[in-house]
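The values are calculated or read from the model by the stated rules, or taken from the named source; none is laboratory data. All figures in this text were calculated on a predicted structure; none of them were measured in a lab. Here the Cβ is made from the backbone with ideal geometry for all residues, glycine too, and neighbour counts use every protein chain on show.
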Amino acid sequence: MASLSYWIGMMGITAFAVTAVLVLAPRGIDLFSAVVLGIITAVGGGTIRDLILDVPVFWSLDLNYLWVAIGASLITFYADALLTRRAIFRLMLYLDGLGAALFAIQTVDKCWRLNFGLPLVPVILGIVTAIGGGLLRDVLAGRPTLFMTRELYATPVLIGCTLYVMLLAWVPNQESIGALACIALIFALRAATIHWNLSVPNWLMTKPRAG
Amino acid sequence: MASLSYWIGMMGITAFAVTAVLVLAPRGIDLFSAVVLGIITAVGGGTIRDLILDVPVFWSLDLNYLWVAIGASLITFYADALLTRRAIFRLMLYLDGLGAALFAIQTVDKCWRLNFGLPLVPVILGIVTAIGGGLLRDVLAGRPTLFMTRELYATPVLIGCTLYVMLLAWVPNQESIGALACIALIFALRAATIHWNLSVPNWLMTKPRAG
Amino acid sequence: MASLSYWIGMMGITAFAVTAVLVLAPRGIDLFSAVVLGIITAVGGGTIRDLILDVPVFWSLDLNYLWVAIGASLITFYADALLTRRAIFRLMLYLDGLGAALFAIQTVDKCWRLNFGLPLVPVILGIVTAIGGGLLRDVLAGRPTLFMTRELYATPVLIGCTLYVMLLAWVPNQESIGALACIALIFALRAATIHWNLSVPNWLMTKPRAG
């Protein structure tokens, strides 16, 4: 389980870095910026989480997270023309969703073991871990953040983390099965939004009007 | 005193979250983004402060701060049409000013007890606590920050925190009265800028010119 | 050496604050925003570094960093008309480069002594320290960050920090000479980009295209 989670984590880091470079490449970006923003996107959310938890940032204990982010960013920069082919870009979106699901559930676990702000904070930090890196990337690259779009990126994370907290509280002996189920749920919901191109419905939006 | 400060704090959190959703609503925002940005606005400044002080973030020790921010954001999202009525929006601006005043003076107190960077850092972290959440909200929502406007939001906080540091240094036995006086001063100055719609005068601005 | 490094550090803080106010002044900025953004630019990068290292933020242990940043920002605000004279602005760019070089190498040293994430993290945090303050300034002031331009600001830092890490690993007894050589190298590379107005060449950029 620990080892599987490690490899899915590395896959998530890869997907975060690759999608970061892919969304930035069409505007014209230099190699250095691509790699730095790739790293920030890949590890930014978990870094904010670890600072708030006051534990060592996860990538200082295992440099592989950084090396993988650097390698993925470099390869994507040079293979950009290939990877933007529609099918590959969509594959990366799915991997990105799997990474977000795994990091979010890992964060709930981490908070639970630290007994940190239960039961609410694990859910909030799960969301922070899943979206923090992408937010930093968009702000630093001058792109609209997900708060300005109708993308359904974080809602699946909210649902899955809430469910996992309930499972930890009420079925504490089945942690591994619960974790896998919630990762699968988040990924399935996210995959559905990608597959059917779903966005936030009108009745969950305020009505735009002259400010 | 502690209990009064606690309730004013909750009122400040409420006002921060409510005004955040109110300024974002006219552009069209979804429920999830409204709640997340409401939370970030309400607790963001204090979070940066606690990270710098290297103490546990205040909302991990008392989840009520988060629940109140979530509740206030939700209610504001659904009551948006009502709350943007001019009178209620102005009331919220005053409460926001009261919250900023309280959080700033609380921060000076916190630094003083921790003997952290006296006498300058308490003033700087007081300002950070008062404006940090709003800055994060504006950056994440793509709005101009207060550094780009002529709003007189932080100057009252600077004056009040500076005065409070002087009182703590020179009249150490009257902490409670000094704190109340400085909160009142910050709030009065801020209320004046709201009431008379004051902005930064020209002689405190650089002259704009072709860059 | 320690004392020389201290004074170069103060010069770097000064240059960071001065250049911050100078780039913001032409758009019209108020005194308060100028000073706050001056401080953030001057100490922001080192603050992020210290939070990640989980050590006390450097300016809480020596308030002179803050006083110098405040003083430099104030003087620049009032002397703006003088300092934007081309020759003086260019001098400040060179001092800014010297400051970035020194802070980056200091950061590598700090990580090395803490045995923090060797050998990769010192280089990454060296870059963070050199560019973090400027990134915060640009995001908060609504300017394009260096990730959106072709400025060659951080590449010299990357080269110098990488070299310094190699020297620390392979020639551990010559720390001081190595540090000075790497500071000189970073500064020389940065000075060359300023002097010859160099920017990122096309072959290190992705091709812009319709997104």
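Being aliphatic (A, V, I, L, M) and free of Cβ contacts under 8 Å to residues at least 12 places away in the same chain is a property that does not hold for residue A:108.
Residues in segment B:65-77 that are modelled with pLDDT of 95 or more and within 11 Å of chain A (Cβ to nearest Cβ): 5 in all.
Residues in segment C:67-77 that are among the small types (Gly, Ala, Ser) and under 27 Å from residue C:124 (Cα atoms): 1 in all.
Looking across A:96, A:80, A:54, one residue alone is within 14 Å of chain C (Cβ to nearest Cβ), surrounded by 14 or more Cβ atoms within 10 Å (Cβ to Cβ), of a type in the set (Asp, Glu) and closer than 22 Å to residue A:126 by Cα. It is A:54.
Every residue, every condition in (1) surrounded by 21 or more Cβ atoms within 10 Å (Cβ to Cβ); (2) assigned to a loop (DSSP other than H, G, I, E, B); (3) of a type in the set (Val, Ile, Thr); (4) at negative phi, yes or no:
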site	(1), (2), (3), (4)
A:147	yes, no, no, yes
A:157	yes, no, yes, yes
A:173	no, no, no, yes
A:176	no, no, no, yes
A:183	yes, no, yes, yes
A:186	yes, no, yes, yes
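Scanning segment B:136-156 for residues that are out of contact with any Ser or Thr (no Cβ under 9 Å at 6 or more places or on another chain) and either more than 8 Å from chain C (Cβ to nearest Cβ) or charged (D, E, K, R) (or both) turns up just one, B:143. Does residue B:165 satisfy the criteria of being more than 22 Å from residue C:24 (Cβ to Cβ) and surrounded by 16 or more Cβ atoms within 10 Å (Cβ to Cβ)? Yes, satisfied. List, please: which pairs have Cβ atoms under 9 Å, are six or more places apart or on different chains, and start with a residue in segment A:1-25 that is closer than 16 Å to residue A:176 by Cβ and end with one that is acidic (Asp, Glu) and not in a helix (DSSP H, G or I)? Listed by first residue and then by second, the contacts come to A:6/A:62. Note on segment C:76-102: residues that are without any contact (Cβ under 8 Å) to a residue 40 or more places away in the chain and of a type outside the set (Phe, Trp, Tyr) amount to 8. Residues of segment B:110-145 that are closer than 16 Å to residue C:39 by Cα, assigned to a helix (DSSP H, G or I) and of a type outside the set (Ser, Thr, Tyr): B:120, B:121, B:122, B:123, B:124, B:125, B:126, B:127, B:128, B:131, B:132, B:135.
The set of residues from segment A:99-135 being of a type in the set (S, T, N, Q), buried (at least 20 other Cβ atoms within 10 Å of the Cβ) and either at the interface with chain B (Cβ under 9 Å from one of its Cβ atoms) or over 10 Å from the mean Cα position of the chain (by Cα) (or both) comprises A:106, A:107. Scanning segment A:159-211 for residues that are aliphatic (A, V, I, L, M), over 17 Å from residue A:100 (Cβ atoms) and away from chain B (no Cβ under 14 Å) yields A:166, A:167, A:168, A:169, A:171, A:177. Against the numbered list (1) without any contact (Cβ under 8 Å) to a residue 60 or more places away in the chain; (2) buried (at least 16 other Cβ atoms within 10 Å of the Cβ); (3) among the β-branched types (Val, Ile, Thr), residue C:47 comes up short only at (1). The listed residues are B:34, B:25, B:20, B:69, and the only one of them that is over 23 Å from residue A:208 (Cβ atoms) and buried (at least 17 other Cβ atoms within 10 Å of the Cβ) turns out to be B:69. Entry remark, segment C:24-49: residues being within 9 Å of another protein chain (Cβ to nearest Cβ) and either part of a helix (DSSP H, G or I) or within 19 Å of residue C:7 (Cα to Cα) (or both) number 12 in total. Among the residues in segment C:158-178, are any within 27 Å of residue C:33 (Cα to Cα) and among the acidic types (Asp, Glu)? Within segment C:158-178, not a single residue is within 27 Å of residue C:33 (Cα to Cα) and among the acidic types (Asp, Glu).
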